Amino acid sequence: VGAHLARLLAARGEQPAILSRGYRRRRPEPGVVIVSDGRRLGADLDRSGDEPLMLARLAPSAAVLVCDVRATAAAVAETTLGATVHLLDDGFQHRAMARDIDIVLVTPADLVGRRLPFGLLRSSVGALARADAVIVDGGPDEATTARLAVVAPSARVFRLDRALGAAEPLERARPFPAAPAPVLALAGIARPARFTAALRAAGWEVAGVLAFPDHHRYDARDLDRLARASIDARAEAVVTTEKDAVRLRPLRPLPVPVAAVPLMITIEPADAFEAWLTSRLAEARAR
């Protein structure tokens, strides 16, 4: 969603900066790491972390900065890169930095979930009372709408629609089959089952699944395991997520053909959401 918002803002003449803490970077550095200045990449996977590097690729017109103190990254983005609006990646629970607009992505299951360590939520459901907009992944049903009216009575509610785009080979010189070819799904993300379900819905024959923990850093042994799993599944190729692709590219050449299947999202109704976001930005600047 962060990349989608950055692209929307850039299309409206803004200079967005995405601010991240760079979770699980292999080479954390003091100060601010400029992953992208909105024109070119300036940091590798080890210095940036997988999600900031992915965001830089998905929103090439946005600056992407990594720092443990996001207010410091914001100052650098404004003074050095000319940023006009900041996007805090995964920042709803990050209260140290003041925000003008809070946009929260939820699933219907989140609204009946529990906070860590008893559940998966980083903030309690009651925290949605301070949200300006809630985007429901897959769309709100009647029960979800009723629940949001209680926990987030002042928030605008929108719907997130997902679709998979065309496969993008990590090694363009290698031939890659089209759906419905049998493929091995490779996923080192939080919810691999959702990825495989999306592949099937997009017409791929998922002959097997190889799952790793979220943010897993692949190595040569993993590539050997990937090759064996592909053979065992009788798969013609491997499909993976954009976030996994960021962690696989440094290991090229790969033992089997691998392609990332981009996730295409829209926030609906699109015109209403863009008008709402534009209005809220204008209100914030008028204060």
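Structure summary
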item	result
Mean-position separation - Cα centroids, region 84-147 and region 242-287, in angstrom	18
Counting DSSP beta bridges with both ends in the chain, the antiparallel % (nearest 5)	30
Longest to shortest principal axis, alpha-carbon extents of region 87-233, angstrom	52, 31, 30
Cα convex hull volume per residue for region 1-42 (Å³)	84
Rg and Dmax [Cα atoms of region 163-237; Å; Rg one decimal, Dmax integer]	12.2, 32
Label-zone membership for region 103-130, site V1, 7 angstrom Cα→C-beta point, backbone N under 17 Å	103-114, 120-130
Computed lengthening from R221 to L251, 0.36 nm per intervening residue step minus Cα-Cα distance	9.7 nm
Zero-based 10 Å bins, Cα pair distances in region 66-115, whole percents	20, 45, 23, 10, 1
Within region 1-155, percent of DSSP bridges classed antiparallel, to nearest 5	30
Projected label distance in nm at E205 and D46, using a 7 Å step from Cα toward the beta-carbon	4.2
Relative contact order of the chain, pairs being alpha-carbon contacts under 8 Å that are 6 or more residues apart, as %	16
Whole-Å semi-axes of region 168-287's equivalent ellipsoid (Cα gyration tensor)	35, 17, 13
Share of pairwise Cα separations in region 1-124, more than 26 Å, in percent	21
Separation in nanometres of the label points that stand 7 Å from Cα toward Cβ, at S154 and A282	2.1
Most mobile listed residue (A96, A229, A73) in the chain, GNM with C-alpha springs under 10 Å	A96
Distance from region 202-217 to region 27-43 (C-alpha centre basis), Å	29
Table column - 3J(HN,Hα) (Hz), region 154-163, Karplus curve with 6.51, -1.76, 1.60, x for Gly and Pro	9, 8, 6, 10, 10, 10, 9, 9, 10, 7
Positive minus negative residues near R225 (Lys, Arg vs Asp, Glu; Cβ under 13 Å)	-2
Kirkwood Rh in Å, taken over region 118-169 so that all alpha-carbon pairs contribute	12.7
For L88, residues with placed amide H under 5 Å, excluding near neighbours	L19
Beta bridges by DSSP in region 165-287, antiparallel share as percent, to the nearest 5	15
Helix-only [θ]222 nm of the chain, DSSP H runs n ≥ 4, -39500 (n - 2.57) each, per residue, nearest 500	-9500 deg cm²/dmol
Value in Å of the Kirkwood radius, where the chain supplies the Cα pairs that are averaged	20.3
Stokes-Einstein translational diffusion, region 1-71 - Kirkwood Rh over all Cα pairs, 0.890 mPa s, 25 °C, in µm²/s	209
Potential lengthening between I101 and T72 on full extension [0.36 nm per residue; Cα-Cα distance subtracted]	8.5 nm
5 angstrom amide H check on G49, placed H, neighbours 5+ away	R26
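We did not get these values from a lab; they are worked out from the coordinates using the rules stated. Not measured: the values here are computed from a predicted model. Glycine also receives a Cβ, built like all others from the backbone with ideal geometry; neighbour counts cover every protein chain displayed.
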